[in-house]
Amino acid sequence: MRPLIGLLFGFAVGAFGSVSAQDPPVPTNQRVMSAEAPFSWTIDDPQPIEGLLLPGGVAVGETVVAEMDPEASTNAPAPLASQPTYVADAPRPRILFQPAVPTWDPAAGTILKPTVHLADDPAAEILPTPAPSFSEQIPSAIPDTSDRIPITEDLQPDRVWVPAGASERFEAFRNRRRKPLANLFDNAVRAMRSQSGRDLGVGVERLPFALFEIDASQPSNNFRVRFESASDWEFADRVEYFWSRIGKKGPEFANPLTFEPSVDYQDIRLSFEVGGKKFSATTEIPLRFIDPTILSNTGGMGDMVLTTKTVMIDGDSLQLTQVLRNQLPTGSAKRGLGNGHVSMEPGFVARYKWSDRTLIHNELKLWFPIGGEPGFSGPVLRYGMGFANVLYDSDTFAILPTFEIVGWSILTGQKSVGAVNPQSIDGENIINLYPGVRFVSDRRRLFEVGISGGASVTERHWYRSVLRLDLRWTF
């Protein structure tokens, strides 16, 4: 009996529980989960969200799917519309690339500058998108942006890009065909107009070596070729400075009472100087050609000269150098190519810096013979002052005008005047003036061309006039 009562009670309880636990019908938009796929879900009615703003300010009008739960309470989290899912076909921001075009830059001139920026309109694009169905669209006008440099209409192209016109080529040809002196004059005029504010160049560096007659106080390393032509050297054997005594070591005449009134000569002198900042030694070898009035013309090697320089004072404005010049009798005295004895000429040369572009040079020397004829040969005091200035100066070319005043005082000695006994000399003075100019070029190697002339301004003189041409290479 008891089992039957328990069975009936169980059926009653089961029926009551099934009625109370029955749920309402499931809505159409409710998740439906199955035992085979417990974590899968579906969306029956997707809700569109219009006017979604993508990053960069691009509005997208496509459908965005979001999940809406009708049973969500006010305390429930925000619907999925706050986190939209982007559709693959939605437009995206495009990157525009503008090819490089000539642009003017104040600092660098004409440059090629490409432009890369975001398109203001998603439809305006140059680069293709990865979408297979996309067809490239080229905009008719690229919008202007503030980061571009505008190209002005009056911008002139670089000369490198545009060849010269016919008129310019004709002008260049005409300038090349003009006379060199005319081009030199034009360059000098333009140079003098543009000298203000110019940096120091090669001309200032060569000012210490610009003079012709006065030795430079600064030792250097150079090779020089000098062409020298002098006319009307009177009393050629005077104190045996140019010749030895006529009839003795000097040239012979058939008539003992004859003397040489005037001699012209031409020299080609090869000079090589080598040393450092404080000392240098110079070797000079002359080739001499003489043209006397009575004797016949002749030529050959003259007297060799060895010169040493030792800097004693080397300041910013003043430089003082001791010079010793030694003349060796390598030329034939009988033919009038040398003076026939050793002679020495010690002295001092100095330079003073008047300005950055002007130097003043000075010298004081004493020439005296060693082994000359006693009583006939005698000492000669030499002194002088010179100026060198920079007229034009650049990094590769310079023009240096010079002016020198040189004097000699014959202290004692004699000279042949045609009589049996020679005439004594007591204090003859000779003063010469030497204007000149040097052209300096420093392109591949430092090279100089110098032209100088000299003339006597006193009644007594060595030569009446002289002309020099210097070619000098500095290393």
### Task
Could you list which residues have their amide H under 5 Å from that of Gly338, counting only those 5 or more apart in sequence or on another chain, with H placed in the peptide plane?
Ser332, Ala333
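Under 10 Å from the Cβ of Pro261, count the other residues' Cβ atoms, weight Lys and Arg +1, Asp and Glu -1, and hand me the total.
Taking every other residue near Pro261 into account, the sum is -3.
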### Query
Once phi is turned into ³J(HN,Hα) by the Karplus curve 6.51 cos²θ - 1.76 cosθ + 1.60 with θ = phi - 60°, what whole-Hz value does each residue of the stretch 437-447 show in order, with x for glycine and proline?
8, 10, 10, 10, 10, 9, 8, 9, 9, 5, 9
### Query
Once Lys and Arg get +1 and Asp and Glu get -1 on their Cβ, which of Ala333, Ser355, Gln414 lies farthest toward the positive end of the dipole of the stretch 327-475?
Ala333
### Message
Using the Karplus curve 6.51 cos²θ - 1.76 cosθ + 1.60 with θ = phi - 60°, what ³J(HN,Hα) values do you get for each residue of the stretch 322-327, in whole Hz, with x for Gly and Pro?
### Response
8, 10, 10, 10, 10, 10
#### Entry: Which of Tyr352, Tyr265 is most accessible, then next, and so on - probe 1.4 Å
Tyr352, Tyr265
### Task
Just the number, please: carbon plus sulfur as a percent of the accessible area of the stretch 358-439, 1.4 Å probe, no ligands or DNA/RNA counted.
66 percent
## Note on the structure
In the structure shown, of Lys309/Lys365; Lys334/Lys365; Lys278/Lys353; Lys277/Lys353, the pairs separated by more than 25 angstrom at the C-alpha atoms are Lys334/Lys365
### Task
Lys and Arg at +1, Asp and Glu at -1: add these up for the other residues within a Cβ distance under 10 Å of Leu306 and post the number.
0
### Message
Let me spell out the model: positive unit charges on the Cβ of Lys and Arg, negative unit charges on the Cβ of Asp and Glu, origin at the Cα centre of the stretch 396-445. What dipole size does that give, in debye rounded to 20?
### Response
480 debye
### Leu287 long-range amide H proximity, modeled H, under 5 Å
Ile268, Arg269, Leu270, Gly302
### Task
Please turn the phi angles of the stretch 225-235 into ³J(HN,Hα) values with the Karplus equation 6.51 cos²θ - 1.76 cosθ + 1.60 (θ = phi - 60°), one per residue in order, whole Hz, x for glycine and proline.
10, 10, 9, 10, 10, 10, 10, 6, 7, 8, 6
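The values are calculated or read from the model by the stated rules, or taken from the named source; none is laboratory data. Please read all numbers here as calculations on a predicted model, not as lab measurements. Using ideal geometry, Cβ is built from the backbone for each residue, glycine included, and neighbour counts are taken over all protein chains shown. When the accessible area is computed, the model is the full protein with side chains, heavy atoms only, and any ligands, DNA or RNA have been set aside. Shrake-Rupley method; radii C 1.70, N 1.55, O 1.52, S 1.80 Å.
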